[in-house]
Amino acid sequence: MESPDKTERQPCAENGEMVIEVKGLKKKIGSQVILDGVDLSIRRGETMVIIGQSGEGKSVLLKHLVGLMTPDEGSIKIDGEEIVGVPERRMSAIRKKIGVLFQDGALFDSMTVAENVAFPLQESGIKKRQELLERVTHALSLMGLEAHMAKMPINISGGMRKRAALARAIITQPECILYDEPTSGLDPVVSDSIDRLILRMQKELCVTSIVVTHDMRSVQHVADRVAYLKKGKIYFLGTPEELRNSTDQVVQNFIQGVSENGNGSNSGVSNGVGLTPVSPQPN
Amino acid sequence: MLKLLQTTGQTASVGLSYLGQLASLLRDLVCSPFIGKVRCHLIGRQIVSIGFGSQLVVIVTGAFTGAVFAAQSYFKFNDFGIESAVGAVVSIAMCRELGPVLTALMVSGRVGASMAAEIGTMKVTEQIDALRVMGVHPVDYLVLPRAVGLLFSMPLLVAESIGFGILASRIMCVHGFHIPEAWYSHHVRAHTDLYDISIGMIKGFVFAGLIVLVSCHQGLTASNGAVGVGKGTTSAVVIASLAVLIFNFFLSLLLNQLSPLGSG
Ligand SMILES: Nc1ncnc2c1ncn2[C@@H]1O[C@H](COP(=O)(O)OP(=O)(O)OP(=O)(O)O)[C@@H](O)[C@H]1O
Ligand SMILES: [Mg+2]
């Protein structure tokens, strides 16, 4: 991971250049409006954390950013290049710059863990067995999985699958990585090490990260900015500090894990998925 | 009345959009070797799993069809005293119709179903999205190797099934019904030639294309989890089998135009 061999990417100059620009993104699936005008800009080298209740469309938003879903309206620019409506074959050049960790891992179940992690490398043209083996072993040992390289994904635990998927997402050292709940289902210690990994990749490789999470602790840890997705729009956007100190009742309810009883369609599920209530830490 | 028109219209539009999707998959597939990446090791693996894996099914199908067809024709032909013609009838029928069609039906059950189920499972578990994100086109990676594998294997499987069909009918006739072996062979040779076998193989090739297109399309468009994959798999087999039977009819007419039975 560390070897910054292909460095046109200097350690992040704070140039504030936008890598990802989302404007007026709207998506309806069936009759359900999921995204209703999302505007979001992400700077190079920044870690943007997206929070929001379960089912608010965070995963859907991420899928739009890599062209896996096509919006009904709006534009998405990556490095200044519009990706909405770009044919599949031309997307692949853009996608090579991006690594994605899917919420459920999406490991190829016909391959072993090691083969899964090696896959993106092989696809990027690395053929030498020795080099493949070294890089795969390194990535997997970062995740504490070197003992399980030869197992099939179905035969490892959920948390291990997530880490294997994470290893696969970062192994090609992409410029930008999208993490869909990297720490859900993991114990606090591993979660912390993953938070550190995200931070380290940002520091050392100037990786732009978008992290969807329900884990308020990791929000405070890794985020440069936080976006709170609610009712298909970005309801709140600011630094973790601003988030903590926000006087907005809705925001406070969310970060403290108070369900808005009887209010809106999602009542009662807000505390559903591994959402750790965080007591506001006065500073 | 209005309702009837409406339903007809809807059905027609569903059908047309289905054909459109198949056509667009076909276009992607045909373009794939030229603008995409060809993965020879995957093609090899498919040839092994489709070609070698289907041997038993195809041999049993061919042999028993040939045998039963020989028996039935013998009983009737015996009444007319032309039982020596059994060989010719069986071999023509095996080459031109039974061989390719039955092989295709068996293969669509065996291979088509597994294609639809495999690709469909990958679809609903986001593995296809994962491929796409890594810049790998699903048609290049999943459909092309299967298509090449089946297009290559199918004509050979058809030939194999024809061969075993004729062999079984020969055993039936010579050892079961005591038709002199020389007569039998003479009739088979006189009435079948390479052209008949190639008709079977051409048909096999076309059917292979149908099976791949239909099955992979069902897989790639699967949704709704396990139930969806199950439905997709069923549809793949049903649609592919029907398509094989329908195409066979028109193909027979076409190929007969090119070489009418009896003149060739
Ligand atoms: N393929 C689909 N078909 C129909 N509805 C979908 C589809 N994908 C997502 N949805 C709907 O979109 C909404 C948002 O889903 P999404 O997966 O983005 O939620 P999320 O914010 O990621 O939730 P979680 O935190 O639980 O992962 C959900 O209500 C879901 O039902
Ligand atoms: Mg999600």
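The values are calculated or read from the model by the stated rules, or taken from the named source; none is laboratory data. None of the values given here were measured: they were computed from a predicted structure. In this analysis, Cβ positions are derived from the backbone assuming ideal geometry, glycine residues included, and neighbour counts consider all displayed protein chains. Side chains included, ligands, DNA and RNA excluded: accessible areas come from the protein's heavy atoms. Shrake-Rupley method; radii C 1.70, N 1.55, O 1.52, S 1.80 Å.
Below are the figures for this structure:
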quantity	calculated
Solvent-accessible area buried by B and A, counting both chains, probe 1.4 angstrom, square angstrom	1900 Å²
Value of Rg to Rh for chain B (Rh from inverse mean 1/r over Cα pairs, i.e. Kirkwood)	1.07
Burial order of peptide ranges A:245-255, B:68-78, B:14-24 (average beta-carbon count within 10 Å, highest first)	B:68-78, A:245-255, B:14-24
Portion, in percent, of the accessible area of chain B that falls on carbon or sulfur, probe 1.4 Å	72 percent
Rounded FRET efficiency, nearest 0.05, which uses the C-beta distance separating A:THR247 from A:THR70 and R0 of 41 Å	0.60
Convex hull volume per residue in cubic angstrom - Cα atoms of segment B:14-95	171 Å³
Within the accessible area of segment A:109-164 (1.4 Å probe), percent carbon and sulfur	55 percent
Equivalent ellipsoid semi-axes, segment A:109-164, via Cα gyration tensor eigenvalues times 5, rooted, Å	19, 12, 9
log₁₀ of I(q)/I(0) at q = 0.18, 0.21 Å⁻¹ - segment A:103-244, Debye sum with one point per alpha carbon	-1.04, -1.31
Neighbouring partner chain Cβ atoms per residue of A:84-90, average, 10 Å criterion	2
Å² per residue, accessible surface of the protein assembly as shown at 1.4 Å	47 Å²
Taking all pairs of distinct alpha-carbon atoms in the protein assembly as shown, Kirkwood radius in angstrom	26.9 Å
